[in-house]
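Structure first, then comments.
The values are calculated or read from the model by the stated rules, or taken from the named source; none is laboratory data. What you see is a predicted model; the values in this text were computed from it and never measured. Note that we place each Cβ from the backbone using ideal geometry, even for glycine, and neighbour counts take in every protein chain shown.
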Amino acid sequence: MTRSSRILGMALLLSACGLRPLYGDGGSGPIASMLSHVEVAPIAGQSGWLVGNAVRDKLPSNAGSSPLYRLEVRLDDKISGLGVRGDDTVTRERRTLRARYQLIDLSNGAVLLDSTAGSDAGIDVVGSEYATIAAENTALERLSTIIADQIVARIALYANRTGTTPP
């Protein structure tokens, strides 16, 4: 069996499995259309500002159209010491960012989706306090992007599964 015939066989098997792209129609498809009608409610704190901006960056633009859905997010941001020396100094930290979010239908106030997202990052604690704070902030920026990816993907899957599309 040649390589090209194996690739063709695998392509045929994959097409028969029922998988289809979530954003199959690109920016004009029903999923992108639904996502473009989501407004992000203000989220408290620095982590909230970062997550809110990251989510807005991942949602398609809804220029000129009014929102049909509101995304409300509550965050839990913690830093805990992991590695401790004999003199009780911390050598490693773990930053954990968890989000509980709800997608609300603005027409009737119904909660369409109630879920969580989360991630964590390890941080080396070094002799320089400035370097440690910079590492903590960098970790928060990365975690905010990860959380935003999870939230937008989950909303897209919800829209795909339920057939939710704007009128």
Q: Could you list all residues from the range 135-145 that are buried (at least 16 other Cβ atoms within 10 Å of the Cβ) and more than 20 Å from Gly83 (Cα to Cα)?
A: Leu143, Ser144, Thr145
(Q) Out of Leu68, Leu59, I need the residue that is in contact with a Pro (Cβ under 8 Å, 6 or more places away or on another chain) and farther than 21 Å from Ala134 by Cα. Which one? (A) Leu68
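Residue-by-condition table, conditions (1) touching a residue at least 24 places away in the same chain (Cβ under 8 Å); (2) within 18 Å of Thr116 (Cβ to Cβ):
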position	(1), (2)
Glu39	yes, no
Ala44	yes, yes
Ser47	yes, yes
Gly52	no, yes
Arg56	no, no
Ser61	yes, no
Pro67	yes, no
Leu71	yes, yes
Q: Among what's in the range 108-136 and is among the hydroxyl-bearing types (Ser, Thr, Tyr) and closer than 21 Å to Ala44 by Cβ, pick the residue that is farthest from the chain's Cα centre (by Cα).
A: Ser115
Q. For the subset of the range 99-119 comprising residues that are free of Cβ contacts under 8 Å to residues at least 40 places away in the same chain and touching a helix residue (DSSP H, G or I) at 6+ places or on another chain (Cβ under 8 Å), which member is nearest to Ala159 (Cα to Cα)?
A. Ser115
Q: Taking the residues in the range 85-108 that are among the aliphatic types (A, V, I, L, M) and touching a Ser or Thr at 6+ places or on another chain (Cβ under 7 Å) as candidates, determine which candidate is nearest to Asp120 (Cα to Cα).
A: Leu97
Q: Scan the range 21-39 and give yes if some residue there is touching a strand residue (DSSP E or B) at 6+ places or on another chain (Cβ under 9 Å), at pLDDT 80 or above, under 29 Å from Arg142 (Cα atoms) and not hydrophobic (A, V, I, L, M, F, W, C), otherwise no.
A: yes
Q: May I ask you to say which residue of Ser61, Ser15, Ser5, Ser65 is of a type in the set (S, T, N, Q), farther than 19 Å from Val111 by Cα and at pLDDT below 65?
A: Ser15
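So that you can scan it fast, the table gives a plain yes or no per residue for (1) in a loop (DSSP other than H, G, I, E, B); (2) surrounded by fewer than 14 Cβ atoms within 10 Å (Cβ to Cβ):
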{"site": "Asp114", "(1), (2)": "no, yes"}
{"site": "Val126", "(1), (2)": "yes, yes"}
{"site": "Tyr130", "(1), (2)": "no, yes"}
{"site": "Ile133", "(1), (2)": "no, yes"}
{"site": "Ile155", "(1), (2)": "no, no"}
{"site": "Arg161", "(1), (2)": "no, yes"}
